[in-house]
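The values are calculated or read from the model by the stated rules, or taken from the named source; none is laboratory data. On a predicted model such as this, the values are computed, not experimentally measured, just so you know. Please note: Cβ atoms are built from the backbone with ideal geometry, for glycine as well, and neighbour counts cover all protein chains shown. The accessibility values were calculated without ligands, DNA or RNA, using every heavy atom of the protein model including side chains. Shrake-Rupley method; radii C 1.70, N 1.55, O 1.52, S 1.80 Å.
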Amino acid sequence: MSIAESSFHYVADLVRRETSMLYEQGKEYLVEARLLPLAREAGDSDVDVYVSRLMTDAAERRKAIDALTINETSWFRDNAPYQAFTDVLLPQAIAARQATRKISIWSAACSSGQEAYSLSMLLDQHLPLGWTAEILATDVSTAMLGRVKAGRYSQVEMNRGLPATHLVRYFTRVGSEWEVSADLRRIVTTQHLNLATTFPPLPTFDIVFLRNVLIYFDLDTKRDILRRVHARVAPGGSLLLGSSETTLDLTDSWEREAVGRVQVHRPVPAAGAFGLTAPTRAAV
Ligand SMILES: C[S@@+](CC[C@H](N)C(=O)[O-])C[C@H]1O[C@@H](n2cnc3c(N)ncnc32)[C@H](O)[C@@H]1O
């Protein structure tokens, strides 16, 4: 069985409009694999019938978009960014925030929350007494945000990168799942946010994890997102991208610095920040 070309185009356009994610030709199998379970659930005979349903059913469209966002993630994904966080980025943020004793982190495109909760475990271990921290976890998928809030993971998900010591320390078993501790959940708040459109009002963050999501966008969208994220990183703060992502050749408003095995991106102050020219602030 294979999805009709017109159905594939409809779905690719829909996902692009709603999330800016690109489903290019050759990804028909992926669209089909992701929509088939929804088609069955809706009682449709195949994916093409289901795609016709999408044309008139807004609630079903939401479900389909959720199913088509790529939510691949794991605990302490790639390790090196988390090592850099513990060794360098967090100590730098602590040095910069002596006045407020509060650290602010953004897990942008958080998927089911393993990134945000991995960071909250490190904060639990390395934040000095008397300090507080906030992690804002955002995603375009409401289903994923629901998972972050629930903080529950299957055994298969737990097996992907979580050290056994952390399982014992931070999780309790609930039926067939594992639930993250209330202490870690208190640090993490969720918000719906589409990176590809104007951001809602946001604070500035000491550290931003924007990992493994830029790869899905075209060049203009990547540049636009990096421009808007730039305005949300505190001076001297840090941005971490996925291991195959970079700001190189996209924009010169970030400086790159090797920290261990990762490139940390630091915002170059906007033109005019030193009083040389009047700052122009584009909409963020
Ligand atoms: C591959 S996961 C990455 C998760 C995590 N950052 C990591 O590195 O493990 C990509 C996430 O980006 C989200 N996403 C896709 N398009 C988005 C958009 N336009 N705005 C915000 N999030 C988006 C998806 O829903 C998905 O949860």
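When the dipole is taken about the Cα centre of the stretch 79-210, and only Lys, Arg (+1) and Asp, Glu (-1) are charged at their Cβ, what size is it in debye, to the nearest 20? It would help to have the intermediate numbers written out before the result.
Details: 11 positive and 10 negative charges, 45 e Å.
In debye, rounded to 20, the stretch 79-210 gives about 220.
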Q: Compute, for HIS166, the solvent-accessible surface of its heavy atoms (probe 1.4 Å) with the complete set of protein chains present, and express it in square angstrom to the nearest 10.
A: 30
**Q.** FRET efficiency, GLU257 to SER176 (Cβ-Cβ, R0 45 Å, nearest 0.05)
**A.** 0.55
Q) Hey, with R₀ at 45 Å, roughly what FRET efficiency would SER52 and ILE215 work out to, going by the Cβ-Cβ distance, to 0.05? A) 0.90
**Q.** Net dipole in debye of the chain [+1 Lys, Arg Cβ; -1 Asp, Glu Cβ; about Cα centre; nearest 20]
**A.** 1040
Q. Where the centroid of each part is defined by its Cα atoms, how far is the stretch 1-46 from the stretch 176-201 in Å?
A. 27
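Which length gain, in nm to one decimal place, applies between THR132 and LYS102 when the Cα-Cα distance is subtracted from 0.36 nm times their residue separation?
On the way: separation 30, 0.36 × 30 = 10.80 nm, distance 0.48 nm.
So the chain would gain 10.3 nm between THR132 and LYS102.
Find out how many positive minus negative residues lie around GLU32, taking Lys and Arg as positive, Asp and Glu as negative, among other residues whose Cβ is under 14 Å from that of GLU32.
Details: positive: LYS27, ARG34, ARG40; negative: GLU5, GLU28, ASP44, ASP46, ASP48.
Taking every Cβ under 14 Å from that of GLU32, the sum is -2.
Given a Förster radius of 30 Å and the C-beta distance between VAL268 and ARG62 as r, what FRET efficiency does 1/(1 + (r/R0)^6) yield to the nearest 0.05?
Calculated transfer efficiency: 0.20.
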Q) To the nearest 10 degrees, how steep is helix 114-126 against the longest Cα principal axis of the chain, on a 0 to 90 scale? A) 20
Q) Based on the mean of other beta carbon atoms within 10 Å per residue, what is the order of 28-41, 202-215, 63-76, most packed first? A) 202-215, 63-76, 28-41
(Q) How big is the dipole moment of the stretch 156-267 about its Cα centre under a simple scheme where the beta carbon of each Lys and Arg is +1, that of each Asp and Glu is -1, and everything else is neutral? Debye, nearest 20, please. (A) 260
Q.
Can you tell me which lysines have their Cα less than 30 Å from the Cα of LYS63? Leave out same-chain residues fewer than eight positions away.
A. LYS27, LYS149, LYS222
Q: Report the one residue of LEU68, GLN92, ASN79 whose Cα lies farthest in the direction of the positive end of the charge dipole of the stretch 54-111 (charges on C-beta: Lys and Arg +1, Asp and Glu -1; origin at the Cα centre).
A: GLN92
(Q) With a 10 Å cut-off between alpha carbons and a GNM built on the chain, which of ALA258, ALA196, ALA137 moves the most? (A) ALA258
